[in-house]
Amino acid sequence: MHIKTLITKNLGIFLCLFLAGCITAPKSVVNDLVSLPETWVGEASPTASTIKTPCLDYFEDNTELKTLINKAIEFNSDLAVASARVELAKAELKESKPNRLPTLNAGAQGGRQKINSFGPQQNIGGIIFDSYALNLGLKWDIDLWGSLKNKSQYQLSKLASAEANLESAKISIAAKITKIWLQVMHLKGQHLLLNQALDAQIMITDSTRERYIKGVTFVEDLLKENANQFALSEEIHTLKMQIDQSTRSLEILVGAYPNAEALAYTELPELPESVPAGIPSSLLSNRPDIISAERNLASANVLVKTTQKSRLPQISITGNSGTSSSDLSDLLKSDFSVWSVGSSIVMPLINHGKIKASIKQAKAGRLEAEAYYDSTVLNAFMEVENGLANEAYLKKERALNNQQLQQALSVFEISQSKYIKGSADFRMYLNTHLNALKSQRLNLQMKHEQLQNRINLYLALGYSFI
């Protein structure tokens, strides 16, 4: 009986066993250690219904920013590491799947043997034997207990975890680029306002110097204005350095050499009123880091099952068919065919506690995965609640600052109008201009903080900036 005949007669049995053990991903892990409230505690706007806002349109429609993000996804070294881990997990899964299927090997052997004979009819030169063989060998480890299936499920979960980690890394890099981009635009805006303030301060200093020369004012007034001018010049220099450093950081993230090349300035967008809404449980399916931790926990559960099943007997079916002859030309003739079929069962009896130690190790890994999952979930909730709390705080602060800015601008407009009409002092007009610029700078700073917090909130809710 040849291997082909053996497989044909038992094809129905083999097919049933194979289909009964198709690989599916392990079920999602529901961790009862984390209790979820019905709504966000720090939610500032319960009526908000969408995360899609004009603020996000600013990022999505910004060609230069999107180009930087796309470059980072392609060239960032951290993403390259995460991507390589995904490829490794795919290869490990592909390697584990065939363990559940029959293997067929072809072989050919040839040899020559010499035997020296002794006795009354001894052959002085010895006897030489030639032997040749050609065979096909079949082996199938029957996955009766599902141990091999569990190993594939383990690798499948590890792959899902690696893919989620890659997605999380992409989102994190994109969010970092967006935040640094906002920082650069904010610093450039501050730089423009400071230059205007320096121009006004120079005029005040020049006016004070003229007054001092005429003996109208004291030297300490001139020294004070000179100090104010130097302070503004120093602050401008510091801002320029910060812009260069932030730009270099941005270039490093996209995988480019840090040249600090200039970026085109665009004004920061106004923050929309709406706050992303939803229920806390939706966070579990939105954030890739939580998905990764959950899949890692699922793989740890499967690994415990796999190690526990190593105590059970292992069953294998083997078969061999081919030809064997002392003449090489006879290998393809059916008259010299040989075949064999058999089965084996192996069960561990004495292994000096190796299996028991492996089970303990797998259970310890599961406890670690559970703790990491809990920590990841709670940290995610903390990030959202902090973002919502900061949202409410910064909104109130910005409202007060807007009132202060409007007052400063109104005073400046009135002073400017009086100066044009000749009823106001030039120095007073310039000082109101400086105060208005100072309020604008503070307002820009608060706008930047609001946008940074909103980015953190979007990121905490699992929004992708890709």
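The values are calculated or read from the model by the stated rules, or taken from the named source; none is laboratory data. What you see is a predicted model, and the numbers here were worked out from it, not measured in a lab. Note: ideal-geometry Cβ built from the backbone for every residue, glycine included; neighbour counts use all protein chains shown.
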Tabulated pairs, the range 224-246, first touching a residue at least 40 places away in the same chain (Cβ under 8 Å), second crowded, with 16+ Cβ neighbours inside 10 Å and of a type outside the set (A, V, I, L, M, F, W, C), C-beta under 8 angstrom, 6+ apart or interchain: Ile236/His191; Leu239/Gln190; Leu239/His191; Lys240/His191; Ile243/Lys188; Ile243/His191; Ser246/Gln183
Among the residues listed as Leu442, Leu437, Leu388, the single one being surrounded by fewer than 19 Cβ atoms within 10 Å (Cβ to Cβ) and aliphatic (A, V, I, L, M): Leu442
Contacts under 8 angstrom Cβ, first residue in the range 128-151 being farther than 20 Å from Val338 by Cα and acidic (Asp, Glu), partner in a loop (DSSP other than H, G, I, E, B) and at pLDDT 80 or above, 6 or more apart: none
The range 270-317, subset charged (D, E, K, R) and modelled with pLDDT of 85 or more, residue nearest to the chain's Cα centre (by Cα): Asp289
Selection status of Ile290, farther than 30 Å from Tyr372 by Cβ, aliphatic (A, V, I, L, M), surrounded by 20 or more Cβ atoms within 10 Å (Cβ to Cβ) and out of contact with any Pro (no Cβ under 7 Å at 6 or more places or on another chain): no
Condition met for Asp221 (surrounded by fewer than 18 Cβ atoms within 10 Å (Cβ to Cβ) and charged (D, E, K, R)): yes
Some residue of the range 194-203 being within 30 Å of Glu74 (Cα to Cα) and in a helix (DSSP H, G or I): no
Answer from Leu394, Leu444 - the residue that is within 27 Å of Leu65 (Cβ to Cβ), assigned to a helix (DSSP H, G or I), modelled with pLDDT under 95 and aliphatic (A, V, I, L, M): Leu394
Check on Leu187, part of a helix (DSSP H, G or I), under 24 Å from Ile69 (Cβ atoms) and either touching a Leu at 6+ places or on another chain (Cβ under 6 Å) or modelled with pLDDT of 95 or more (or both): yes
Options Ala389, Ala380, Ala369; residue that is more than 23 Å from the chain's Cα centre (by Cα), of a type in the set (A, V, I, L, M) and within 22 Å of Leu36 (Cα to Cα): Ala389
Members of the range 344-359 that are β-branched (Val, Ile, Thr) and surrounded by 12 or more Cβ atoms within 10 Å (Cβ to Cβ): Ile355, Ile359
Top-ranked residue in the range 53-112 [being β-branched (Val, Ile, Thr) and under 30 Å from Lys149 (Cβ atoms); ranked as surrounded by the fewest Cβ atoms within 10 Å (Cβ to Cβ)]: Thr103
